[in-house]
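Taking it in order: structure first as C-alpha cells, then the write-up.
None of the figures in this text is laboratory data; all of them are computed from the coordinates on show. Just so it is clear, the model here is predicted, and its values are computed rather than measured. Because the Cβ atoms are built from the backbone with ideal geometry, glycine has one as well, and the counts that use them run over all protein chains shown.
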Amino acid sequence: MSSHDKEFSLEAVPQSSRKSFWNILAVMLSLSFFSASMWSGGTLGEGLSFTNFILIVLAGNLILGLYTGALAYIAAKTGLSTHLLARYAFGKTGSYITSFLLASTQVCWFGVGLAMFAVPVSLATGINVFILIGVFGTLMTISSIFGLKALAILGFISVPTIAIFGMYSVTDAVNSMGGMDALLLYQPSESVSIAFALTICVGSFISAGTLTPDFTRFAKSAKSAVSSSIIAFFLGNSLMFLFGAVGAMAFGIADISEVMLMQGLMIPGIIVLGLNIWTTNDSALYASGLGFANIFKFPKKYIVVFNGILGTLAAMWLYNNFVDFLTLLGSALPSIGAIILADYFIVRKRNYAAYETMTFKAINPVAIFAWATGIVLANFVPGIPPLNALIGTSAIYVIGMKLAAYKSTVSVKTPIKTKDEVVRDY
C-alpha cells in the first residue's frame, strides 16, 4: 500500500492516524443530518399523531443507533472499512459483490442528492438546472477528494446551521398551529400503521448505516466510535424527522421545500439544504471510493473523481427515474451488515486475525446464500422489512456456518494430532 493513500483504502487504519471523538462525531452527525430524512419525517407527520410519531422515531432510531454502534465497534477494533470487513465473512471475491452494490448505491444517491438541491435552486433563481448540477457536482467532488478531514470540517459547519434553522422552522410551524397544545392534540386525516411507520424510520437510513465502518475506523477507541454513532443516529436522525414532521402537521405538506416556501424561508432554506446535501454527498462519494478501491485496487481519490463525474452526468436521470430502484436496492444492504455482525460477534467470537496476515478464501457460499435470502425476507415476508433482513439474515448465516463447520469436522479422515496443525479458516 502506498504511503500516499492517507485514507487507507486497502489496509487497516493505524493508531497514529486515528481521530478524536469530536472529529468522528462531526462526521457521523453530518451523515445522519440528511435532507431525505426530513421528507420521510413529513410522511410520518401526515399519518401519525404527534405522540405516536415521537414513539416511532425514538424506537426506530434506537434500532439504527444499536445497529450502527455495533458496526462502529468492529471498525474501531480492526481499523477496517465495511468493504475490507466483508472479506472475513464473504471471502475476497465475495466481498467484491458487496462492494459493488454498496458503492454503486452511493454513486446513485450522490446524483439524486445533487439534483435534489439543484432543482429548487433553479426554481428560486432561474439559473439553468444543468449548469447548477455541473457547478455543484464539481465542487462536491473536489471537497470529497480530501477525505475525512474535509468531511469533519463540513460537519462542524453544517450540523449546527441545520439544527438552528430546523428549530426555527419547527417553532414557526407550531405557532401557526396555535401552540404546543394544538400540536399535542394533532390527529392525521388518514393514519398509517405502526409497521409502515417503523419501516420508513428504520429503512430510510439503514442502507447508509451499513457503511458506518468506513468512517468510524478512524476512531481512537471503540468507546468513541460506538458513542459517536449512537448519538448521531439516535439524536441527529430523530431531529431531522422532527423538522419534517412538524411542518407536515402544520401545513399538510410532506415536502420540506414547499413548507419552507410557505414559511418565507426559501433563500435561507436553500443555503441550509445545500450544506446538508453537500455533507451527505461527500460522504456518499467517500464511501463509494472505498468500495471500488476494494475491487479495482486504484487509490481512492482517483475513483472519487470518476464517481463524482459519473454521478453529476447522470443526476437528473437518476432523480427522475431511479428513486424507486434505489429504494429496492437499499433493501439488499442491511443483510450485508447483518452478516458482518453475526460473523464477528457470534461465529468468530470477536477474534479476527490481523488483516495483513490473512489469506482469505475466494467465496463463502454460506454468506452469499444468507445475503440473498435476506433480500427475499426484506421484500416479500410480512413485517418490518429492515428488521426481517437483519434478524433473518443473521440467523441463517450463523446456522449455515455451524452446519458447514460440522460437515467439515465429520468429513476429516485423519484426526489432527498436533497444535501446529490447527488452521483458522476464514
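Descriptive notes on the structure:
- Divide the volume of the convex hull around the Cα atoms of segment 41-134 by the residue count and you get 160 Å³ per residue.
- Summary of packing: across the peptides 284-291, 203-210, 52-59, 176-183, the per-residue average of other C-beta atoms within 10 Å ranks them, highest first, as 284-291, 203-210, 52-59, 176-183.
- Computed [θ] at 222 nm, deg cm²/dmol, the chain (DSSP H ≥ 4; -39,500 (n - 2.57); rounded to nearest 500): -24000 deg cm²/dmol
- Relative exposure of M240, M140, judged by other C-beta atoms within 10 Å (fewest first): M140, M240
- Look at where the Cα atoms of segment 52-95 and of segment 170-193 average out, and the two centres are 34 Å apart.
- Among S32, V121, L273 - extreme Cα towards positive end, dipole of segment 19-323, charges at beta-carbon: S32
- When the pairs K223/K361; K297/K402; K19/K77; K19/K92; K300/K349; K6/K349 are compared against a 24 Å limit on Cα-Cα distance, K223/K361; K297/K402; K19/K92; K300/K349; K6/K349 fall above it.
- Length-normalised contact order for the chain - Cα pairs under 8 Å, 6+ apart - percent: 33 percent
- Segment L265-N175, length gained on full extension (0.36 nm per residue, minus Cα span): 30.9 nm
- According to the Cα-based calculation, Rg over Rh for segment 184-280 is 1.04, with Rh computed by the Kirkwood formula.
- Ranked list, fewest to most other Cβ atoms within 10 Å of each Cβ, for S17, S227: S17, S227
- Options I194, N364, S99, ranked by Cα towards positive dipole end of the chain, top entry (Cβ charges): N364
- Charge dipole (debye, nearest 20) of the chain; +1 at Cβ of Lys and Arg, -1 at Cβ of Asp and Glu: 2020 debye
- Relative exposure of M249, M28, judged by other C-beta atoms within 10 Å (fewest first): M249, M28
- Solvent-free Debye scattering, log10 I(q)/I(0), computed from the Cα coordinates of segment 19-323 at q = 0.07, 0.14, 0.15 Å⁻¹: -0.26, -1.03, -1.17
- Shape class of segment 5-93 from the alpha-carbon gyration tensor: prolate, with a/c at 1.5 or above and a/b greater than b/c.
- The chain: most fluctuating residue of W317, W278, W39 per GNM, C-alpha cutoff 10 Å: W317
- Of all the options F233, F136, F218, the one that moves most in a Gaussian network model of the chain with Cα springs shorter than 10 angstrom is F136.
- Selection of trypsin sites (Lys or Arg not before Pro), segment 53-126, meeting DSSP coil and at most 13 other Cβ within 10 Å: none
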